[in-house]
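Step one of this worksheet: look at the structure below.
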Amino acid sequence: MLYSRLSFTTELSASASLPLFKGSTFRGAFGNALKRVVACALERQECQSCLLASRCVYPFFFERKAACAKKGLRLPSPPHPFVIEPPLTTEVNFNPGDSFDFNLILFGRANDYLPYCIYAFDQMGRVGIGKRIKGVRAGFVLKTVSSESGKIIYSSQDQRLIREDEFAVQLKLQKPEKEKVSRLTVYLKTPLRIKHGNRLLRSDLPFHVLIRAALRRISSLFACYGQGDEDKLALDYRGLVARAQDRSIRVEESDLCWFDWSRYSSRQDTKMLMGGMLGSISYWSERGNLGEFLALLQLGEKVHLGKQSTFGLGQIMVEAE
């Protein structure tokens, strides 16, 4: 599956007031800007019933059910082809001239639409983000966009996209670790929302539930945005889940806690609770059999896990011993 993680640097042109977790602000503003950028020809038409939906950039990013269904998939909640990683700072008030960085992750064919994304974020800066201060939202200037290798592929100076081999790479599941791994520590960098038994987990994360979430997220992304047979994952799903439930695997240490936040949905005209778990959790196995799960979780580091990942939720980091 084609994958890219792009770093955007910006500079605020006015004072800004942003929420503690900034993912929903960025995602909502990006959606509005992208819709303006594609200059919708049928403005009063719903995307799902629009004649042009199959060729339009906006529904490809934000209306995924129809597109995934065309590949013969019947996923109840198809993944979006992007993730926005907002600034992780807890600062909420910013001054003119302050800079903040964020990342945009693109999957599959979404990489072909990077120019639309860059232009949408540029226009987003002109409209402004965050709460209104004296009736005006804070604008910003998009300075540069860099590939994961650190090379600048767009700058505000020349305003053109430099396409390079490093811009996007093929994301693959690596072979399982052969050496014994007795301990895995998972750090939840942004709120993780995982349901098990029809309830959101708030302070506990059994190992098999984490593995189920990784399998679900990764398999659905590869199914929707992979490139055919070459991107089919050769995974023993049932076997992995069964082995993840082995009694030898236990939680050694955990400081997981619930982080509550909410966002306003303009589409549903209501405030939505979006809390999730933060902190870290360490798993230990006396048999040293955690190595086969390491590659799966390392892939989860790149694509995020759990619900509402497009907002930047479910960003994890894994350490093995």
From the list L171, L205, L233, L256, which one is modelled with pLDDT of 95 or more and closer than 26 Å to F107 by Cβ?
L205
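Every residue, every condition in (1) buried (at least 20 other Cβ atoms within 10 Å of the Cβ); (2) in a helix (DSSP H, G or I), yes or no:
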{"position": "Q123", "(1), (2)": "no, yes"}
{"position": "R126", "(1), (2)": "no, yes"}
{"position": "T144", "(1), (2)": "no, no"}
{"position": "S149", "(1), (2)": "no, no"}
{"position": "Q157", "(1), (2)": "no, no"}
{"position": "T185", "(1), (2)": "no, no"}
{"position": "L188", "(1), (2)": "yes, no"}
{"position": "P191", "(1), (2)": "yes, no"}
{"position": "S203", "(1), (2)": "no, no"}
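Yes/no per residue for (1) closer than 23 Å to I281 by Cα; (2) not assigned by TED's automatic domain parsing to the domain that holds I281:
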position: P115; (1), (2): no, yes
position: G139; (1), (2): no, yes
position: S146; (1), (2): no, yes
position: S149; (1), (2): no, yes
position: Q157; (1), (2): no, yes
position: V209; (1), (2): yes, no
position: A213; (1), (2): yes, no
position: F222; (1), (2): no, no
Answer yes or no as to whether I211 is out of contact with any Lys or Arg (no Cβ under 7 Å at 6 or more places or on another chain) and more than 15 Å from E292 (Cα to Cα).
no
Restricting attention to segment 81-107, the residues that are out of contact with any Cys (no Cβ under 7 Å at 6 or more places or on another chain), buried (at least 21 other Cβ atoms within 10 Å of the Cβ) and either aliphatic (A, V, I, L, M) or not in a strand (DSSP E or B) (or both) number exactly 6
Taking the criterion of being assigned to a loop (DSSP other than H, G, I, E, B) and of a type in the set (A, V, I, L, M), would at least one residue in segment 215-225 satisfy it?
no
Which of the residues that make up segment 173-214 are touching a residue at least 60 places away in the same chain (Cβ under 8 Å), more than 18 Å from L305 (Cβ to Cβ) and of a type outside the set (A, V, I, L, M)?
K175, P176, E177, K178, E179, K180, S182, R183
Of the residues F82, F62, F100, F107, which is modelled with pLDDT under 90 and under 16 Å from the mean Cα position of the chain (by Cα)?
F62
The conditions are (1) in the same structural domain as V83 (by TED's automatic domain parsing); (2) surrounded by 15 or more Cβ atoms within 10 Å (Cβ to Cβ); (3) among the acidic types (D, E), and E177 fails exactly one of them. Which is it?
(1)
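The values are calculated or read from the model by the stated rules, or taken from the named source; none is laboratory data. Treat the numbers as computed from the prediction; the structure is a model and nothing was measured. In this analysis, Cβ positions are derived from the backbone assuming ideal geometry, glycine residues included, and neighbour counts consider all displayed protein chains.
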